[in-house]
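Participant: I have a structure here, written as C-alpha cells, and I will follow up with some questions on it.
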Amino acid sequence: MDSSFLTGQVQSVMQNLLFKMLERLLDKLDAKSGATGTTVSGSSSTSTGQAATGDFASLINQASEKYGVNPSLVQAVIKAESNFNPDAVSSAGALGLMQLMPSTADWLGVTDPLDPAQNIEGGVKFLSQLLDRYNGNTQLAVAAYNAGPGAVDKYNGIPPYQETQTYVNRVLGYFNSSNEWQA
C-alpha cells in the first residue's frame, strides 16, 4: 500500500476528529450564550446559518438560498480564492471572486466569469453540486472545489496535495471563525 495514501487517510481522519471536537465545543459555547440559528461544522454544511454581510452580500445570500449552501461557507471560499477581488485572475487562468476555470464556467453556464453575479451564481452552484456528491461533507466538497472531484474520488478523501490540504484548512478556518474576516 502506498504510504502517501495511508498518510493522507490518517490526516483526513485526524481532521475529521478535530472538526467534530471543534463543533461540539462551539455547540456548548452557543448553548451557554443562548445563540441559535447558526451552523458551524467541518463535516457537513446546510443552507442554515447567518446571512452574509459585507461586499457582495446580496449576491452571496441570493445564490446561497437558491442552491442551499451556507452563506458563510460561500464567503469562506471567496475569501480563500480571491480575497473578494472580482477581477482576480490566477496564474492557472481561474477567474473572478470564486476563481472559476474557463471550462468550469462554461459548463456551469457562466458567460462572463468576471461578472460578480455570474461568478458567484456559478461558484455556489458548483459548490452545491459538490456538497451533494459528498453527502454534505464540507471537507470533501471544499477539497474537490480546489483539486477537482476526480482527485477526491481517487484518494477516497482529501488528496495528499499540500496545496489542497492547506486550502481546505484555510477555508474551514474562515468558515469556523468569527465574522472578523468577512469583507
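The values are calculated or read from the model by the stated rules, or taken from the named source; none is laboratory data. Since we're looking at a predicted model, the values are computed, not measured. Reconstructed Cβ throughout: ideal geometry from the backbone, glycine too, with neighbour counts over all protein chains shown.
Participant: Which residue pairs have Cβ atoms under 8 Å apart, sit 6 or more places apart or on different chains, and have a first residue in region 75-100 that is closer than 16 Å to Thr53 by Cα and a second that is assigned to a loop (DSSP other than H, G, I, E, B) and of a type in the set (S, T, N, Q)?
Facilitator: That search, which allows pairs on different chains as well, returns Gln75/Gln182; Lys79/Gln182; Leu97/Asn85.
Participant: Among the residues that make up region 158-173, is at least one of them modelled with pLDDT under 95 and either outside any helix (DSSP H, G or I) or touching a strand residue (DSSP E or B) at 6+ places or on another chain (Cβ under 8 Å) (or both)?
Facilitator: Among the residues of region 158-173, not one is modelled with pLDDT under 95 and either outside any helix (DSSP H, G or I) or touching a strand residue (DSSP E or B) at 6+ places or on another chain (Cβ under 8 Å) (or both), which makes the answer no.
Participant: Right, another one. Among the residues of region 107-130, write down those that are hydrophobic (A, V, I, L, M, F, W, C) and in a helix (DSSP H, G or I).
Facilitator: Trp107, Leu108, Ala117, Ile120, Val124, Phe126, Leu127, Leu130
Participant: Identify, please: which residue in region 80-106 is polar (S, T, N, Q) and assigned to a loop (DSSP other than H, G, I, E, B) and is, among those, farthest from Leu59 (Cα to Cα)?
Facilitator: Per the criteria, the residue is Ser91.
Participant: May I pose another question? Could you tell me which of the residues Gly157, Gly109 is more than 18 Å from Ala80 (Cα to Cα) and within 17 Å of the chain's Cα centre (by Cα)?
Facilitator: None of the other options fit; the residue is Gly157.
Participant: Quick one: is Asn137 within 23 Å of Glu65 (Cβ to Cβ) and in contact (Cβ under 8 Å) with a residue 60 or more places away in the chain?
Facilitator: yes
Participant: Another question, then. Please state which one of Leu114, Leu95, Leu73 is surrounded by 15 or more Cβ atoms within 10 Å (Cβ to Cβ), modelled with pLDDT of 95 or more and within 14 Å of the chain's Cα centre (by Cα).
Facilitator: Leu73
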